1. Tell me which helices (runs of 4 or more DSSP H) are completely within the range B:64-126 and hold 3 or more residues being within 10 Å of chain A (Cβ to nearest Cβ), or say none if there are none.
2. When you look at A:M114, is it among the aliphatic types (A, V, I, L, M) and loosely packed, with under 13 Cβ neighbours inside 10 Å, yes or no?
3. I'm trying to understand the selection: among the residues of the range A:244-273, which are surrounded by fewer than 19 Cβ atoms within 10 Å (Cβ to Cβ), closer than 19 Å to A:I181 by Cβ and more than 14 Å from chain B (Cβ to nearest Cβ)?
4. Taking the condition of being touching a residue at least 60 places away in the same chain (Cβ under 8 Å), of a type outside the set (S, T, Y) and part of a helix (DSSP H, G or I), how many residues in the range A:176-194 meet it?
5. From the list A:L20, A:L34, A:L24, which one is surrounded by 13 or more Cβ atoms within 10 Å (Cβ to Cβ), at pLDDT below 90 and part of a helix (DSSP H, G or I)?
6. Yes or no: the range A:103-115 includes at least one residue that is of a type in the set (S, T, Y) and within 14 Å of chain B (Cβ to nearest Cβ).
7. Could you please find all residues in the range A:51-73 being farther than 17 Å from A:L130 by Cα and in a helix (DSSP H, G or I)?
8. Does B:E133 fit the bill of being within 14 Å of chain A (Cβ to nearest Cβ), among the acidic types (D, E) and either more than 22 Å from B:N172 (Cα to Cα) or loosely packed, with under 15 Cβ neighbours inside 10 Å (or both)?
Amino acid sequence: MLVKLLKYEVKATARTFLPLYLALVVLTIITKLLLFIAIPDAVLVSTEGSKFDIPLGISMTLYFTIIIALSVLTLIVIIQRFYKNLLTDEGYLMFTLPVQTWKLILSKLIVGLMWTFVCGVAVAVSIFILAIGNISVMEITQGINVFYSGFQNQFGVSPNILIVEFIILMIVDIVASILMIYVAIAIGQLFSQHRIMAAFGAYISISLVIQILATLLTVIIPIFGIENLINSQTNQLKVIEIMINGLTLLNIITVAAFYFITNYILKNRLNLE
Amino acid sequence: MPILRAKGLTKKFGNLTALSNLDLEIPRGRIIGLLGPNGSGKSTFIKLATGLLVPTSGEITIGGAAPGIETKAMVSYLPERTYLNDWMRAEDMIAFFGDFYEDFNRIKADNMLRDLNINPGDRLKTMSKGTKEKVQLVLVMSRDAELYLLDEPIAGVDPAARDYILNTIITNYKENASVVISTHLIADIEQVLDDIIFISQGEIKLTSTVDEIRETHNKSVDGLFREVFKC
């Protein structure tokens with residue numbers, strides 16, 4: 001059933017995103033062409049300018065607008081799919097399907113995560129396409145090689161593990177951010193009036209609580225002698241790793257808590273209008 | 001074994017008691033009218049049976065099980081709201097129901113849409129409120145469910161469609177399935193009902209068969225309703 005839920009979730013969201021991604025592709029191509037014509041040689045930029053400067057300026061502006069629009073839309077769709085599909089009239093359909101509540105939440109989460117990922121990759125690829133030619137692939141690989149050998153020299157190990165750990169942290173962090181929106185909306189729907197205001201209130205309150213807990217942690221951590229670790233030069237890498245993995249662990253705990261609370265509310269305290 | 005059983009069923013919303021200590025059994029193979037004035041607890045009862053709400057105390061079972069994915073698979077529920085996804089076409093909704101409900105009968109759905117002159121390729125967004133209600137009813141009645149819970153199924157449709165819909169309700173369900181129809185438009189559905197439940201302020205006022213009412217009270221259900229709930 002989860003697969004079917006995912007299928008419909010992708011269907012429901014894709015039609016919102018497709019026009020914007022199409023626009024991104026078209027604008028990347030146009031901007032790239034204009035860049036190519038207006039600044040054929042990145043090293044020798046002519047001082048008198050080119051007659052393509054204005055179209056290039058317009059195209060660039062549109063290009064960055066689209067990138068911002070895509071990021072904003074991704075966030076809006078994540079909020080809107082959870083709220084509208086589950087907690088307005090459509091909820092009457094979704095919550096009477098023979099599907100467990102946690103699968104409904106998970107399907108929204110996975111597809112939200114997917115679009116966040118697609119957005120990031122699409123923007124990165126597009127910027128890379130624009131940059132290439134001005135920066136050569138050789139320069140990039142050289143830069144990466146310098147970073148790797150430098151890292152190897154200083155710490156004696158490859159940075160691959162650290163990079164993987166960092167990526168895991170980023171993913172867990174995005175999951176936690178999405179679930180924080182869900183839990184706030186779920187709390188908001190407990191109220192019979194002003195549900196959206198209540199959801200905002202819940203979101204701000206949760207942020208505050210997390211801020212306070214984080215501040216407390218920074219006070220507590222020195223007790224465990226992390227400072228000694230930071231001071232000893234040889235263990236710098238270990239310290240970074242502990243920080244990253246510690247953050248990952250904290251995020252996993254929040255993810256579990258948010259997921260549990262959202263599921264509990266939607267299962268036992270559902271309050272459809 | 002009755003298809004639905006409620007024991008001491010109570011639902012409170014804050015201080016407000018929507019249902020109070022309800023005991024009820026709904027046998028199989030009957031068409032039951034759940035009748036009561038606005039705010040009497042009809043919708044709350046149906047929502048408890050679908051699992052949309054969780055009882056404050058007491059219990060409700062469908063086919064012996066508490067509301068959950070097994071009971072949702074055998075209950076076909078028509079809410080008073082339009083729950084269709086606006087961006088879909090009627091045929092997309094049919095595919096959706098076919099995907100999630102094993103008992104969904106596609107042929108039945110196609111036939112009913114044709115009878116009601118609804119084009120499956122039309123977007124729901126472009127349909128009138130009444131047409132959407134018809135689509136929703138077609139979807140719900142195209143399932144071979146054990147229990148149908150219809151909350152105000154005819155309130156928004158024209159009289160001609162009303163007759164067609166009532167006709168589909170009485171002809172479309174399996175022999176040992178039951179249909180619960182909640183409404184306050186009693187005169188319109190009276191002729192299809194086997195049993196009635198009068199509910200008021202969260203309590204059952206009367207349960208009876210329609211024949212009994214006609215014999216002992218010498219009245220129509222509508223007439224008796226007006227008498228019992230006289231303002």
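The values are calculated or read from the model by the stated rules, or taken from the named source; none is laboratory data. In this text the structure is predicted, and so the values were computed from the model without any measurement. Every residue, glycine among them, receives a Cβ derived from its backbone with ideal geometry; neighbour counts consider all protein chains shown.
1. Working: elements: B:69-74, B:90-100, B:106-115.
Of the helices (runs of 4 or more DSSP H) lying wholly inside the range B:64-126, those with at least 3 residues that are within 10 Å of chain A (Cβ to nearest Cβ) span B:69-74, B:90-100.
2. Numbers: among the aliphatic types (A, V, I, L, M): yes; loosely packed, with under 13 Cβ neighbours inside 10 Å: no.
Spelling it out, it is not the case that A:M114 is among the aliphatic types (A, V, I, L, M) and loosely packed, with under 13 Cβ neighbours inside 10 Å.
3. Those that are surrounded by fewer than 19 Cβ atoms within 10 Å (Cβ to Cβ), closer than 19 Å to A:I181 by Cβ and more than 14 Å from chain B (Cβ to nearest Cβ): A:L250, A:I252, A:I253, A:A256, A:A257, A:F260, A:I261.
4. 9
5. On the way: A:L20 fails: at pLDDT below 90; A:L24 fails: at pLDDT below 90.
Going through A:L20, A:L34, A:L24 in turn, just one is surrounded by 13 or more Cβ atoms within 10 Å (Cβ to Cβ), at pLDDT below 90 and part of a helix (DSSP H, G or I): A:L34.
6. Yes, the range A:103-115 contains at least one residue that is of a type in the set (S, T, Y) and within 14 Å of chain B (Cβ to nearest Cβ).
7. Residues of the range A:51-73 that are farther than 17 Å from A:L130 by Cα, as a first pass: A:51, A:54, A:69-73.
Residues satisfying the conditions are A:I54, A:A69, A:L70, A:S71, A:V72, A:L73.
8. Numbers: within 14 Å of chain A (Cβ to nearest Cβ): yes; among the acidic types (D, E): yes; either more than 22 Å from B:N172 (Cα to Cα) or loosely packed, with under 15 Cβ neighbours inside 10 Å (or both): no.
No, not satisfied.
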